[in-house]
Amino acid sequence: MPELPDLIDRWRNGDVQAARLIYDMHRARVFRLAYSLLNNNEDAEEVAQDTLAYALMHIEQYDAARARFTTWLHTITVSRVRDRQRRRSLSPIRLVDWLRRGGQPIDDAPTPEQWSAEQLDREQVWQAVQQLPPPLREAIVLRYWAGHSFQEMAQIMNCPLGTAQSRVRRGFEQLRDALTAVR
Amino acid sequence: MTPLPLDEEIAAYVHGALDEQATADFERRLREDADLRQRVARVRQLQQAVRSNLIAAVEGQPIPPALTFDAIAADVQRRRPAPLRLRLVSALAVLGALLILSGAVLYSLGDPFNTTGSGATPTPALSAPALQPIPPPETTPQPTPSADGPTTLITRTPTPTATAADTDGPTSLPLRTPTAGP
């Protein structure tokens, strides 16, 4: 399998096969990032396709000295996701969910044993992440799922480093509260 | 700098968001404080549970079969040379702008094609229309309408602005009368 920098060079020189390989290497990751932020299959598919097409057509703009290719791709993805959210005015939280959460106590912290991965339901975590405000959701997904550093997150989310850090912390606190409430 | 509340400090530590000095200070306190260690352990467990469940949820999402390179291949290949074309168009636009600019500069300096006069002579196409002499009033003989009537000539009346000079010759532009000097 050729290395990514080699593929990028080949595509810059017009090798369409290299573009196809770049696409195949990244399509799942881009789609899943979009899906994590949008929670909608069709929207995520459109965003992923748009992101990959844009990246391939503007490959000259990618500067390996400034960012990893994945970081660049995720920057485009997050930008597209934000556009989509603005256009469709997606609500970060449904009213019924908000009302349901508002009536439940959140101060009975569980014991450490309760927080095992097996005991936490995947669907609960997914729903809790989806209920986060978009900036905090971005931060949690980019940190927990994509594994980006705070510097990369700041680049992707177009915010200061400290903001990226505080968004992860606040997102985590809200997740903790939400997961405590549903238990 | 205001210290963080303990919960926030723990979360920042667990998430790797403390700077080097703050991390060292926090770890020193961890070694001395069992309660703090327990709280950190709890946050870490929750963090790991959230992370592993989130990863599982995201990775479990199937990739749509329509998400293929072939779906965008035509667009990508068609638009691939765009930057080159764009550069060419930009270069032509700059060249055109330079030509227009140089033309304007030459015009402001004078007619570059005028080899007889001074450089300040405006080009005919851009100069004011040349003044034409006003034709003198004509007296046109008319045919005699009838044999029994007197032969009449219809004379065109000079316009009020016409001067005597109008009738004197072809160069009938009103001349400015020289004024006497002081």
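Does the stretch B:40-55 contain at least one residue that is of a type outside the set (A, V, I, L, M, F, W, C), under 30 Å from A:Q130 (Cα atoms) and in contact with a Lys or Arg (Cβ under 7 Å, 6 or more places away or on another chain)? Checking the stretch B:40-55: at least one residue is of a type outside the set (A, V, I, L, M, F, W, C), under 30 Å from A:Q130 (Cα atoms) and in contact with a Lys or Arg (Cβ under 7 Å, 6 or more places away or on another chain).
Against the conditions (1) at pLDDT below 80; (2) surrounded by 10 or more Cβ atoms within 10 Å (Cβ to Cβ), B:S102 satisfies every one except (1). Of all residues being in contact (Cβ under 8 Å) with a residue 60 or more places away in the chain and among the β-branched types (V, I, T) in the stretch A:129-181, which is farthest from the other protein chains (Cβ to nearest Cβ)? Just the residue, please. Going through the qualifying residues, I end up with A:I156.
Looking across B:L67, B:L18, one residue alone is touching a helix residue (DSSP H, G or I) at 6+ places or on another chain (Cβ under 7 Å) and either at pLDDT 90 or above or among the aromatic types (F, W, Y) (or both). It is B:L67. Of all the criteria given as (1) under 19 Å from A:T77 (Cβ atoms); (2) of a type outside the set (A, V, I, L, M); (3) within 9 Å of chain B (Cβ to nearest Cβ), the one not satisfied by A:G14 is (1). Is it the case that A:R32 is within 20 Å of the chain's Cα centre (by Cα) and facing chain B (nearest Cβ under 9 Å)? Yes.
The values are calculated or read from the model by the stated rules, or taken from the named source; none is laboratory data. Note that the structure is predicted; figures quoted are calculated from it, not measured. Positions of Cβ are generated from backbone atoms using ideal geometry, with glycine treated the same way; all protein chains shown enter the neighbour counts.
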